[in-house]
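The values are calculated or read from the model by the stated rules, or taken from the named source; none is laboratory data. Computed from a predicted structure; not experimentally measured. Cβ sites come from the backbone with ideal geometry, for glycine too, and all protein chains shown count toward neighbours.
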Amino acid sequence: MIKMMATAGAVAFIFFSCDRKLSTAEKLDLSKTPLQTVDSMFIVQTTDGGLQFRVEAEVMERYVTDSVSFEKFPKGVELYGYNEEGLLETMILADDALHEQRSKSKYEKWSAFGNVVIQNILKRETMETDTIYWDRSKGEIYTDCYIKLYSPDGFMQGIGMRSDERARNSIIYKPFDSFGIVSKDSTAVIIDSVNFIGPFLKK
């Protein structure tokens, strides 16, 4: 008889413990708790079999609310864009990033922060800033922050920039105190090391 009473007490204790855990779980705020966490993320986007974009990140955290879903990249992100011929054209690197999508519209926006570098490899242009936005619904990248632009034509700096999403026609809106950079020897051969196929020239 004593043995049966002890077993019943143990069962009651188990049910009580489980009930307390369930009530705690119901109080979680899903807008602040990742629905999904991915390590070493690698995503590609294609159109008609052609590669358009590639995204790589050490960590991706996905959140979902009633109206919007978003992914955070707390350890940085790397975005690569390819042109119509399949050549790597654009790179965007940042220390932190956020990707937002709205459930009832075509709105899609990337925000990148901290040591942001935007490169157009084919034009040999590099931009550096602290914050950049990529509005995919409008197909443009922009910032209202201080920005530096390095190109074969020289150096520019200013406040605010707008461009198409592949950084082909970047415009600095408020340039200031720009100065020229000493150009390389005009006889030097410049090779696109990313898209070049074949042996490199000996130095």
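Return the pair list, or none, for Cβ contacts closer than 8 Å from residues in region 108-125 that are touching a residue at least 60 places away in the same chain (Cβ under 8 Å) and of a type in the set (Val, Ile, Thr) to residues that are in a strand (DSSP E or B) and buried (at least 17 other Cβ atoms within 10 Å of the Cβ), at least 6 apart or on different chains.
Final answer for the pair search is Ile121/Leu88; Ile121/Glu89; Ile121/Thr90; Ile121/Met91.
Take Gly198 and decide whether it is at pLDDT 90 or above and on the phi > 0 side of the Ramachandran plot.
no
Hey, can you tell me all the residues within region 31-45 that are more than 19 Å from Asp96 (Cβ to Cβ) and either within 11 Å of the chain's Cα centre (by Cα) or among the hydrophobic types (A, V, I, L, M, F, W, C) (or both)?
Of everything in region 31-45, those that are more than 19 Å from Asp96 (Cβ to Cβ) and either within 11 Å of the chain's Cα centre (by Cα) or among the hydrophobic types (A, V, I, L, M, F, W, C) (or both) turn out to be Leu35, Val44.
Give the number of residues within region 32-53 that are of a type in the set (D, E, K, R) and within 17 Å of Gly76 (Cα to Cα).
1
Of all residues being surrounded by fewer than 17 Cβ atoms within 10 Å (Cβ to Cβ) and among the hydroxyl-bearing types (Ser, Thr, Tyr) in region 46-101, which is nearest to the chain's Cα centre (by Cα)? Just the residue, please.
Selected residue: Ser69.
Just to be sure I understand, how many residues within region 141-155 are modelled with pLDDT under 90 and not charged (D, E, K, R)?
2
Among residues belonging to region 152-176 that are of a type in the set (Lys, Arg) and touching a residue at least 24 places away in the same chain (Cβ under 8 Å), point out the one that is nearest to Val116 (Cα to Cα).
The extreme case among them is Arg166.
Does region 113-133 contain at least one residue that is at pLDDT 90 or above, among the basic types (Lys, Arg), within 25 Å of Phe155 (Cβ to Cβ) and not in a strand (DSSP E or B)?
yes
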